[in-house]
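Colleague: One structure is given below, represented as structure tokens, and several questions about it will come after.
Read the figures in this text as sums done on the coordinates, not as results from a lab. Bear in mind that the values here come from a model prediction, so they are computed numbers and not experimental data. Note: ideal-geometry Cβ built from the backbone for every residue, glycine included; neighbour counts use all protein chains shown.
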There are 4 protein chains.
Amino acid sequence: MILINERSPSPIYEQIIQQIKELILKGILQEGEKLPSVRELSGMIVVNPNTVSKAYQELERQGIIETLRGKGTFVAKQQVPRMETERLDKFQESLKQIVIEASYLGISTQQVQEWVEKYMLELRGDSNA
Amino acid sequence: MILINERSPSPIYEQIIQQIKELILKGILQEGEKLPSVRELSGMIVVNPNTVSKAYQELERQGIIETLRGKGTFVAKQQVPRMETERLDKFQESLKQIVIEASYLGISTQQVQEWVEKYMLELRGDSNA
Amino acid sequence: MILINERSPSPIYEQIIQQIKELILKGILQEGEKLPSVRELSGMIVVNPNTVSKAYQELERQGIIETLRGKGTFVAKQQVPRMETERLDKFQESLKQIVIEASYLGISTQQVQEWVEKYMLELRGDSNA
Amino acid sequence: MILINERSPSPIYEQIIQQIKELILKGILQEGEKLPSVRELSGMIVVNPNTVSKAYQELERQGIIETLRGKGTFVAKQQVPRMETERLDKFQESLKQIVIEASYLGISTQQVQEWVEKYMLELRGDSNA
DNA sequence: GTGGTCTAGACCACT
DNA sequence: GTGGTCTAGACCACT
């Protein structure tokens, strides 16, 4: 379900966050569904429980999951996205860097746009079709 | 010419790399043109010389600039981009993360694609038009 | 009568304690009145019986309710408050933290004082008026 | 400068957060001033560096301090307080609980209000007078 | 030197 | 069983 790449430059807890977000967007994890416990997941992906805990806490801060004390961690009711200016700025900055990198790789505008479409469809495919 | 944001999550040396790449793509820095020396640049942007040095070394490793001993650092002859598999993989991974973030921000596929086009045009505008 | 918020940062048993205290102060629960049994209340608010039991034990420890074996749990004769130093210290510490938080929220001294008065009146309104 | 109470029910990292907020409000820590490094502070208050780090990260998330990579942690430019509804709700809830506790301790409305004033003055006294 | 991440493992409160 | 906190200590990137 979740795959950790130890060689990735992005920290393990970030990889967990990203992949759980992806699973939720794809509908593989549904609203209200229970996530594996910190210990379970840490066992499954062979990672220290603290690392999983950090990922869960960050996801909770973002309002994507919620923990009920003594019961476990659950997928939260997904909010309607609000365009927070600060987060949007960061997004655009990242996109700009991506475009620069694409230029250096000789990837065309069209190719990037196709990939954007492809990934968007992957996210929406399973559950919302 | 180069603006450093001390508070940015991306490290200073990365910011230097990104901005020099951008200046070259935009044609503001031309092939063969001399870059400021490590000391000059570090003075201009008020940054530790080690940090500038690290950026230059990375840019040289990527073949984007070259150092001629005793003469200085110059914009290299820009190679025809080769698609290195590893770098391409990383690129696609980043693009995927961007798309996930866009989903959480409620940004449409079309909107992302428009921004991609806009940034691409910005890169090509000045010199290649 | 009692409303539990599963997502609240304060534990469920604490919420029960606080709300029973509030009901007693407001006179909705009168001295000598019978409280619902642990099972009844746990059924009513859909909570584990252990959790209700824990709340009742703590309320009993504080002398606010009392259990008569085989008869049930009752609102105790309310004692004249004694200023226990330890509890008073904790109270003042909490109040200090509240004031710091008010500062960060930009709430004025007057506003906080007005709210204190308002809540005090709410407690005394129903029964002692 | 910072005193940890190991017996306090509130976690150590929270105590650090609260006390740093207090020091900033009192002007003992000024805008732009460098905080002790994670290791220094952890040594001073005899606590694990991870615990200090957690406190600093939370303070940064709240925009109260900021870390400059490789340089250290500094008191941020203090923002004008904005009344976020959610945070305000929590504040009022806490204040209500405080008032209930005051009732049980037999503390009068006037007494609570005086203490509020006293603590507010303490925060503003040293630097802003 | 600076903070950030991670492991290993203990202990605790809550349900 | 559940997540939260904490210690002890290592390693790493950045300046």
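Colleague: Amide H of residue A:65 versus every other amide H placed in the peptide plane: which residues, excluding those fewer than 5 positions away on the same chain, fall under 5 Å?
Modeller: Residues meeting the amide H criterion: A:60, A:76.
Colleague: Where nothing but the Cβ of Lys and Arg (+1) and of Asp and Glu (-1) is charged, how large is the charge dipole of segment B:83-122 around its Cα centre, in debye to the nearest 20?
Modeller: Computed charge dipole of segment B:83-122: roughly 80 debye.
Colleague: Roughly what angle does helix B:49-61 make with the longest principal axis of chain B, taking Cα atoms, 0 to 90 degrees, to the nearest 10?
Modeller: With rounding to tens, the tilt is 70 degrees.
Colleague: Here is a follow-up. With only Lys, Arg, Asp and Glu charged, each at its Cβ (+1 for the first two, -1 for the last two), find how big the charge dipole of segment B:1-100 is about the Cα centre; round to the nearest 20 debye.
Modeller: Here segment B:1-100 has a charge dipole of around 160 debye.
Colleague: Longest segment of chain D with no GluC sites (Glu not before Pro) in a DSSP loop having at most 15 other Cβ atoms within 10 Å?
Modeller: Looking at chain D, D:34-83 is the longest stretch - no exposed GluC sites (Glu not before Pro) with at most 15 other Cβ atoms within 10 Å.
Colleague: Right, something else. For segment B:10-73, what does the equivalent ellipsoid look like in terms of its semi-axes, each the square root of 5 times an eigenvalue of the Cα gyration tensor, given largest first in whole Å?
Modeller: 16, 14, 11
Colleague: Same structure, new question: Which chain C residue puts its Cβ closest to the axis that rotates C onto D, and at what distance in whole Å?
Modeller: With distances in whole Å, chain C gives C:113, 2.
Colleague: Between residue B:67 and residue B:8, what's the calculated FRET efficiency when r is the beta-carbon distance and R0 is 25 Å? Round to 0.05.
Modeller: Calculated transfer efficiency: 0.40.
Colleague: I've got another one for you. Against the longest alpha carbon principal axis of chain D, how many degrees, from 0 to 90 and to the nearest 10, is the axis of helix D:12-25 turned?
Modeller: Roughly 80 degrees, rounded to the nearest 10.
Colleague: Please average, across the residues of C:37-46, the number of beta carbons from any other chain that are within 10 Å of each residue's own beta carbon, and give a whole number.
Modeller: If you average over the peptide's residues, the count of other-chain Cβ atoms is 0.
Colleague: Once phi is turned into θ = phi - 60°, what whole-Hz ³J(HN,Hα) does the Karplus curve with 6.51, -1.76 and 1.60 give for every residue of segment D:88-95, x standing for Gly and Pro?
Modeller: Per residue, the Karplus-derived 3J(HN,Hα) values read 5, 4, 4, 4, 5, 4, 4, 4 Hz.
Colleague: Here's a follow-up. What does the helix-only formula give at 222 nm for the protein assembly as shown: each DSSP H stretch with n ≥ 4 adding -39500 (n - 2.57), the total divided by the residues, and the result rounded to the nearest 500 deg cm²/dmol?
Modeller: -19000 deg cm²/dmol, from helical runs alone.
Colleague: Now, a different point. If you average the alpha carbon positions of segment A:64-115 and of segment B:1-67, how far apart do those two centres end up, in angstrom?
Modeller: 27
Colleague: Here is a follow-up. Restricting the calculation to Cα positions, tell me the Rg (one decimal) and the Dmax (whole number) of segment A:83-122 in Å.
Modeller: Calculated on Cα positions, Rg and Dmax stand at 11.8, 33 Å.
Colleague: What trypsin sites (Lys or Arg not before Pro) does segment B:1-47 have in DSSP loop regions with at most 12 other beta carbons within 10 Å?
Modeller: Passing both the DSSP loop test and the Cβ count: B:7.
Colleague: Same structure, new question: Compute the Rg/Rh shape ratio of the protein assembly as shown: radius of gyration over Kirkwood radius, all on alpha-carbon atoms.
Modeller: We get a ratio of 1.05 for the protein assembly as shown.
Colleague: Mind checking the dipole of the protein assembly as shown: about its Cα centre, +1 per Lys or Arg Cβ, -1 per Asp or Glu Cβ, Debye to the nearest 20?
Modeller: Using Cβ point charges on Lys, Arg, Asp and Glu, the protein assembly as shown gives about 640 debye.
Colleague: Another question about this same structure. Express the relative contact order of chain A as a whole percentage, based on alpha carbon pairs under 8 Å and six or more residues apart in sequence.
Modeller: That works out to 27 percent.
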